[in-house]
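Engineer: I am attaching a structure below and will ask some questions about it afterwards.
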Amino acid sequence: MRALITGASGLLGAEVVRRFREAGWQTLGAARSFTPDSQHAALDITDPDQTRALFDAFRPEVVVHCAAMTHVDACERDPQEAYRVNAFGAEVIAANCQRIGAACVYISTDYVFDGVKRAPYHEYDTPNPISVYGRSKYLGEQAVQALCPRHYIARVAWLYGVGRKTFPQFVLEGARQGQSPTVIADQIGSPTYVADVAEWLRMLIPTECYGVYHLTNPPPVSRYEFACALLEAAGLSVAPTPLPMAHWQTPAPRPAYSALISWRLRWAGLPPMPPWRDAMRRFLRAMNQPQ
Ligand SMILES: NC(=O)c1ccc[n+]([C@@H]2O[C@H](COP(=O)([O-])OP(=O)(O)OC[C@H]3O[C@@H](n4cnc5c(N)ncnc54)[C@H](OP(=O)(O)O)[C@@H]3O)[C@@H](O)[C@H]2O)c1
C-alpha cells in the first residue's frame with residue numbers, strides 16, 4: 001500500500017507514519033513545517049498547486065489526512081483561519097484523492113457533537129458542533145463525503161501519546177513536582193492513545209468498508225477519573241484537584257459529554273479498540289522507553 005500522511009509532524013500523523021512503515025507500507029509523511037533535513041515532504045494543505053504537485057509525484061493509493069488546526073481556542077479566536085485549514089484544506093485533499101483515485105481518510109473529532117445526549121455517541125448520531133473548531137471539522141467531513149466517495153471519516157478524541165506534551169504528561173509532570181494537578185471533574189469523554197488509532201487505521205483501510213468510524217478507547221471516563229488512574233498507575237500518591245467545568249473559562253465552549261462508541265468497527269469485521277486502562281498502561285511503558 002502506498003500511503004501519504006498529512007500533518008506528519010503532528011502527534012497522530014507521526015504515529016501513523018511510524019506504524020504504516022512498520023507494517024511494510026510505502027509511506028510518505030508530509031508536513032507544513034518543512035526543513036531540509038526533515039524526512040517529510042513539504043505540504044501546506046491549503047495550497048492547491050503544491051498539493052496537486054505532491055499527489056502527482058507520489059501517486060498515493062490512500063491519504064490519511066491528519067493535518068488540522070487543532071487548537072480549539074485558537075479556532076474560536078480566528079474562525080477564518082480555522083475554516084481555511086480544517087474545511088478548505090480538507091476540500092483540497094479530498095478533491096485530489098478523487099482526481100488520482102486514492103482513498104481518503106479524514107481524521108475528525110468528538111467535538112462535532114454537542115454533548116446533550118449524555119450517552120456515548122455512535123456513528124449514526126447526528127453531529128451538532130458548538131465551537132468553531134467543531135464546525136470547521138464537521139465541514140471538513142462533509143467536504144470529504146461529497147468530493148471523494150472512497151472515504152473513511154475516523155473520529156478520534158482526547159488524543160495522547162509520547163510524541164508531544166498531552167494531557168497525561170501535564171498531569172504527571174505536575175504531580176512529580178509535588179503539585180496537585182487541577183483537572184476538570186465533570187467532562188466525560190474517550191481518552192485515546194494514538195498508537196491504537198494508527199493500528200486500527202492500518203486494519204481498517206484494506207477492508208474497503210468506507211464510511212464513518214469512531215476510533216476511541218472505551219469505556220467513557222471523566223478527565224478527573226482518568227487523571228487519578230494515571231497517577232496511581234505511575235505510582236504517584238498525589239490526588240488531583242477537581243475543578244467543575246462551569247469554573248473553566250475558555251474562549252471556545254466544549255461539550256461536557258463527548259464519549260464515542262463504535263458500532264461500525266464490528267460490522268467491518270474488526271476487533272473493538274482496547275479499553276483505555278490497557279492503553280494508558282502501554283503509554284506509560286512507552287514513556288519510560290528511550291525514543
Ligand atoms: N489532539 C486531540 O485531542 C484530537 C482530538 C480529536 C480529533 N483530533 C484530530 O486528530 C487529527 C490529528 O491531531 P493531532 O493532535 O495529531 O494534531 P497536532 O499534533 O496539532 O498536529 C496537527 C498537524 O497539522 C499540521 N498543519 C496545520 N495546518 C497545516 C497546513 N495548512 N498544512 C499542512 N499541515 C498543517 C501541523 O503542522 P505545524 O506543526 O506546521 O503547525 C501539525 O503537524 C486532527 O485532524 C485533529 O483535528 C485531535
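Derivation of every value follows stated rules applied to the coordinates shown; laboratory data play no part. Keep in mind it's a predicted model, so treat the numbers as computed, not measured. Positions of Cβ are generated from backbone atoms using ideal geometry, with glycine treated the same way; all protein chains shown enter the neighbour counts.
Engineer: I'd like the GluC sites (Glu not before Pro) in region 176-269 restricted to DSSP loop residues with at most 10 other Cβ atoms within 10 Å, sorted by number.
Structural biologist: Working: sites: GLU199, GLU208, GLU225, GLU232; in loops: GLU208.
Passing sites in region 176-269 are GLU208.
Engineer: Quick check on the chain: helices-only [θ] at 222 nm, where DSSP H runs of length 4 and up contribute -39,500 (n - 2.57) each and the sum goes over total residues. Nearest 500, please. Before the final figure, lay out the partial values.
Structural biologist: Working: 11 runs with 109 residues, N = 291.
Rounded to the nearest 500, it is -11000 deg cm²/dmol.
Engineer: Of the beta bridges DSSP finds with both residues in the chain, what % are antiparallel, to the nearest 5? Before the final figure, lay out the partial values.
Structural biologist: Values: 2 of 34 bridges.
Given both bridge residues lie in the chain, the antiparallel proportion sits at roughly 5 percent.
Engineer: Ordered by residue, what ³J(HN,Hα) values in Hz, to whole numbers, does region 16-31 give under the Karplus form 6.51 cos²θ - 1.76 cosθ + 1.60, where θ = phi - 60° and Gly and Pro are x?
Structural biologist: Couplings: 5, 4, 4, 5, 5, 5, 4, 7, x, 7, 6, 10, 10, x, 10, 9 Hz.
Engineer: Rank the residues CYS66, CYS209, CYS97 as a footprinting-exposure proxy: fewest other Cβ atoms within 10 Å of their Cβ go first.
Structural biologist: Numbers: CYS66 30, CYS209 15, CYS97 27.
Lowest to highest Cβ neighbour count: CYS209, CYS97, CYS66.
Engineer: Can you give the extra length, in nm with one decimal, that the chain gains between LYS117 and GLU232 once fully stretched, where that is 0.36 nm per residue apart less the Cα-Cα distance?
Structural biologist: Values: separation 115, 0.36 × 115 = 41.40 nm, distance 3.07 nm.
Roughly 38.3 nm would be gained on extension.
Engineer: Taking amide H positions as placed 1.01 Å from N in the peptide plane, with prolines and chain starts having none, which residues 5 or more places from TYR213, or on another chain, fall under 5 Å of its amide H?
Structural biologist: So TYR213 has HN proximity to ILE153, ALA154, ARG155.
Engineer: Between region 141-198 and region 34-88, what is the separation of their alpha carbon centroids in Å?
Structural biologist: 20
Engineer: Something else about it: Quick check: from the Cα gyration tensor, does region 172-290 come out rounded (a/c under 1.5), prolate or oblate? If you can, show how the numbers build up before the last one.
Structural biologist: On the way: a/c = 2.77, a/b = 1.53, b/c = 1.81.
Oblate, because a/c is 1.5 or more while a/b does not exceed b/c.
Engineer: Something else: May I ask you to evaluate 6.51 cos²θ - 1.76 cosθ + 1.60, the Karplus curve with θ = phi - 60°, for each residue of region 194-199 and list the ³J(HN,Hα) values in order in whole Hz, giving x for glycine and proline?
Structural biologist: Ordered by residue, 3J(HN,Hα) equals 4, 4, 6, 4, 4, 5 Hz.
Engineer: If we count other beta carbons within 10 Å of each Cβ, what is the order of HIS214, HIS247, fewest first? Please report the intermediate quantities before stating the final value.
Structural biologist: Values: HIS214 27, HIS247 9.
So the residues, fewest neighbours to most, are HIS247, HIS214.
Engineer: Which whole-Hz ³J(HN,Hα) couplings does region 157-164 yield from phi under the Karplus relation 6.51 cos²θ - 1.76 cosθ + 1.60, θ = phi - 60°, glycine and proline marked x?
Structural biologist: For region 157-164, the Karplus-derived couplings read 7, 6, 5, 9, x, 7, x, 8 Hz, x marking Gly and Pro.
Engineer: Which of LYS117, LYS137 comes first, and how do the rest follow, when ranked by fewest Cβ neighbours within 10 Å? Walk me through the intermediate numbers first.
Structural biologist: On the way: LYS117 16, LYS137 29.
Listed from fewest to most nearby Cβ atoms, that is LYS117, LYS137.
Engineer: Computed FRET efficiency, Cβ-Cβ of PHE170 and GLU81, R0 35 Å: what is it to the nearest 0.05?
Structural biologist: On the way: r = 25 Å, r/R0 = 0.72.
E(calc), rounded to 0.05, equals 0.90.
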